[in-house]
Amino acid sequence: MSGKYRKNPAKFKDIAKERIGELFEQAKKEFKNDPKLSNRYVELARKIAMKSNVRIPSDLQKLFCKHCYVFLMPSVNCKVRTHEGKVVYTCYSCKKFMRFPYVKEKKKQ
């Protein structure tokens, strides 16, 4: 292939990361007014991540359910608890839970 048609994957990945971050910000803003729209933003962010082969940052991964892909807002549509060195998020829509370790945070203290 000639240089004219080559793609720059690093450039596309940077753009994808920016768009994913922007979609999660919009989902957070719109959640009070329209939760379905914020769920749609999460769905779009996931599609962008899968298509561009980019991982969603770990701080944003905790903002949606891994089972039903609903945008999570603590004490509104999910429950957050600590149990045996893990933070447990329980989704109210699908009744499933996700566990995230918090060992790194303990070591910092």
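Observations, loosely collected:
- Residue list for region 69-83, filter: part of a strand (DSSP E or B) and closer than 27 Å to residue 50 by Cβ: 71, 74, 78, 80
- Breaking point among (1) out of contact with any helix residue (DSSP H, G or I) (no Cβ under 7 Å at 6 or more places or on another chain); (2) of a type in the set (A, V, I, L, M); (3) surrounded by 12 or more Cβ atoms within 10 Å (Cβ to Cβ), for residue 10: (3)
- Out of 48, 15, one residue alone is out of contact with any strand residue (DSSP E or B) (no Cβ under 9 Å at 6 or more places or on another chain), at pLDDT 95 or above and not polar (S, T, N, Q). It is 48.
- Note on region 84-109: residues that are surrounded by fewer than 11 Cβ atoms within 10 Å (Cβ to Cβ) and either in a loop (DSSP other than H, G, I, E, B) or modelled with pLDDT of 95 or more (or both) amount to 4.
- Residue pairs whose Cβ atoms lie under 8 Å apart, separated by 6 or more positions or on different chains, with the first residue in region 9-31 and of a type in the set (S, T, N, Q) and the second modelled with pLDDT of 95 or more, are 26/38; 26/41.
- Conditions (1) surrounded by 10 or more Cβ atoms within 10 Å (Cβ to Cβ); (2) over 24 Å from residue 99 (Cβ atoms); (3) free of Cβ contacts under 8 Å to residues at least 40 places away in the same chain: number failed by residue 53: (3)
- Enumeration of residues in region 46-64 that are within 17 Å of residue 87 (Cβ to Cβ) and either touching a helix residue (DSSP H, G or I) at 6+ places or on another chain (Cβ under 8 Å) or assigned to a helix (DSSP H, G or I) (or both): 57, 58, 59, 60, 61, 63, 64
- Flag set for residue 43, criterion: of a type outside the set (Phe, Trp, Tyr) and modelled with pLDDT of 95 or more.
The values are calculated or read from the model by the stated rules, or taken from the named source; none is laboratory data. Computed from a prediction, not measured in an experiment: that's the story for all the values here. We place every Cβ from the backbone using ideal geometry, glycine too, and count neighbours over all the protein chains shown.
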